[in-house]
Amino acid sequence: MPTIQELKDRVNAAIDRQADQLIKTAKTILNNPEPGFREFKTAKLVGEVFDSFGIAHQDGIGITGLKGYLDGATQGPTVGVMGELDSLKVQGHPHVDSETDAAHACGHHCQIGMMLGVAAGLQADGVLENLSGRIALMAVPAEEYIEVAYRDDLRREGKLEFIGGKPEFIRLGALDDVDVAMMTHTSSNSQEGKIAFGGTNNGMVAKRIRFLGRASHAGGAPWLGVNALNAAMIAMSGIHAQRETYQDAHTVRIHPIITQGGVAVSSVPADVRMETYVRGANTEGFLDASTKVDRALRAGAMAVGGSVEITTLPGYLPIQSDESMLDLYRVNAASLVGEENLVQLQHRTGSTDMGDVSQLMPVIHPYVVAATGNGHGIDYVVQDYELGVITGAKAMAMTVIDLLSDGARQANRIKAEYNAPLTKDSYLSLMRGMLKEGTYTK
């Protein structure tokens, strides 16, 4: 029987043999970016790679998601390995789709390469035969919580309930058989070494907002109109005026955009639309801030004599990484890049729907520092594909070996010790309770 290290060596050698193809797949996704719940070309490519690996899979989960399995020799827990299908929208990015403004300015194309790399590695000769349990390989849609109006329309049409990919996976039961989960993101922060891990993230809700006024000739008779754009500007001033009321520990972040400011410059704007996130380090913090944002929105409408439609949509919950899984991962990451190139993260004020998964099961969500530029920015570009795909895949695959070897002793221990904050039922209840819709004149 091979040792755990021998299994890891086989996995790493198999990933190296597939390295060129894995990087080619990631770059193909880079050059064909698609925002969330529109990732049809990307999903088709992932399905083709699964087929080439002989991995049976289900597709169409949450519109574009996929899930396949690798089986160990004996029964045991299931380890979920995830990658995200979707892109952002960033005008002017060097790899932008000129028709849609879609661009991989957060490195999700590498996530898919890493997930497929884990699949390739674990299929090395003699590896699965020495594991207990299953590996669920998942390509998940729509982590980037953008195009809120488009996705909310999908919800209203009954095609979705939640407009983030992993919450929808949870609702649909795609994680019901998963016991622990992992994925690896890219980063461009040079202060984070080569691999960074642990820490926490903000949670959030999103808002779809529509101010309604009355159109009139902007030059000839503006007094006959009700200016919805002024209502929106007053509302944003009201949001800014409350920033001192947010507790520092809640790390609240609110960042609205106007998606429609009017129809014609000669007409008083009568229909103005906004989207915003309300983020915070804990559920209490971002829900408290959400209430204050609603007050400001309503005040803007009342000030000009208009009305405002506010739809508050459940977003993502704060992430918590499992320390026992991180201990295993850290050893593997150090063996690949050196202990001196590892960084333990603290709190980050962005959000990820891996936080939702962490409320139900043990997860890790490390980062490979393979990019340069500002995340979500015009200059965010992955430079080091060896680190961003191959090394990231190896670190996860080696951790899967730790979890499922020796009769899945480590996975069973971690599963037993984990005190999940929520059950699936309580999670769904919490998320559904965040959905609020209303029209206000005061």
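Modelled label positions at Thr3 and Lys41, each set 7 Å beyond Cα in the direction of Cβ, lie 4.8 nm from each other. Please give the length that would be gained between Arg155 and Asp271 if that part of the chain were fully extended, namely 0.36 nm times their separation in residues minus their C-alpha to C-alpha distance (nm, one decimal). Net length gain for the segment: 39.6 nm. Rounded to the nearest 10 degrees, what's the angle between the helix 424-434 long axis and the longest principal axis of the chain, both from Cα atoms, 0 to 90? Compared with the principal axis, the helix lies near 20 degrees. Each peptide in 405-414, 95-104, 204-213 receives the mean, over its residues, of other Cβ atoms within 10 Å, and ordering these scores from highest gives 204-213, 405-414, 95-104. Tally Lys/Arg at +1 and Asp/Glu at -1 over every other residue whose Cβ is under 15 Å from the Cβ of Leu336; what's the total? Residues close to Leu336 contribute a combined charge of -3.
A Förster radius of 25 Å, combined with the Cβ-Cβ distance separating Asp177 from Asp406, puts the computed FRET efficiency at roughly 0.70.
By per-residue mean of other Cβ atoms within 10 Å, what is the highest-first order of 22-30, 424-432, 313-321?
Values: 22-30: 20.6, 424-432: 15.0, 313-321: 24.6.
Most protected by this proxy first, the peptides run 313-321, 22-30, 424-432.
For the chain, the longest principal axis of the alpha carbon atoms and the long axis of helix 323-337 meet at an angle near 70°.
Nearest 0.05, what FRET efficiency do His347 and Ser324 give at R0 = 22 Å with Cβ-Cβ as r?
Details: r = 20 Å, r/R0 = 0.92.
Taking R0 as 22 Å, the efficiency between His347 and Ser324 is 0.60.
For the stretch 142-221, which GluC sites (Glu not before Pro) pass both filters: DSSP loop (anything but H, G, I, E, B) and at most 12 other C-beta atoms within 10 Å? Before the final figure, lay out the partial values.
Details: sites: Glu143, Glu144, Glu147, Glu157, Glu161, Glu168, Glu192; in loops: Glu143, Glu144, Glu147, Glu157, Glu161.
Taking the stretch 142-221 and a limit of 12 other Cβ atoms within 10 Å, the loop GluC sites (Glu not before Pro) found are Glu157.
Which of the peptides 112-118, 55-61 is most tightly packed, and how do the rest follow, judged by the mean count of other Cβ atoms within 10 Å per residue? Provide the component values of the computation, followed by the final result.
Values: 112-118: 29.7, 55-61: 14.9.
Most protected by this proxy first, the peptides run 112-118, 55-61.
With one equal scatterer per alpha carbon and no solvent term, the Debye-computed log10 I(q)/I(0) for the chain at 0.07, 0.09, 0.11 1/Å reads -0.36, -0.58, -0.83.
Arranged from fewest to most other beta-carbon atoms within 10 Å of their beta carbon, Ile239, Ile378 become Ile378, Ile239. Summary of the geometry: the stretch 297-355 and the stretch 194-254, compared by the centres of their Cα atoms, lie 20 Å apart.
Using a 10 angstrom cutoff on alpha carbons, build the Gaussian network for the chain and name the most mobile of His109, His240, His376. Ranking His109, His240, His376 by mean-square fluctuation puts His240 first.
So what is the calculated 222 nm ellipticity per residue for the chain, using -39500 (n - 2.57) for each DSSP H run with n of 4 or more, over all residues, to the nearest 500 deg cm²/dmol? The partial results should precede the final answer.
Details: 13 runs with 160 residues, N = 442.
Only helices count here, giving -11500 deg cm²/dmol.
Which net charge results for the neighbourhood of Gly225, defined as the other residues with beta-carbon distances under 15 angstrom from its beta-carbon, given Lys and Arg at +1 and Asp and Glu at -1? Could the numbers behind the result be given before it?
Numbers: positive: Arg214; negative: Asp271.
Once positives and negatives cancel, what remains is 0.
Computed from Cα atoms, the angle from the helix 108-122 axis to the main principal axis of the chain rounds to 20 degrees.
Length gained on full extension, Glu99 to Lys436: 118.0 nm, using 0.36 nm per residue less the C-alpha separation.
Since every read-out is calculated from the coordinates, none of them should be taken as a lab result. Since this is a predicted model, take the numbers as computed values, not measurements. All Cβ positions, even for glycine, are placed from backbone atoms using ideal geometry, and neighbour counts span all protein chains on display.
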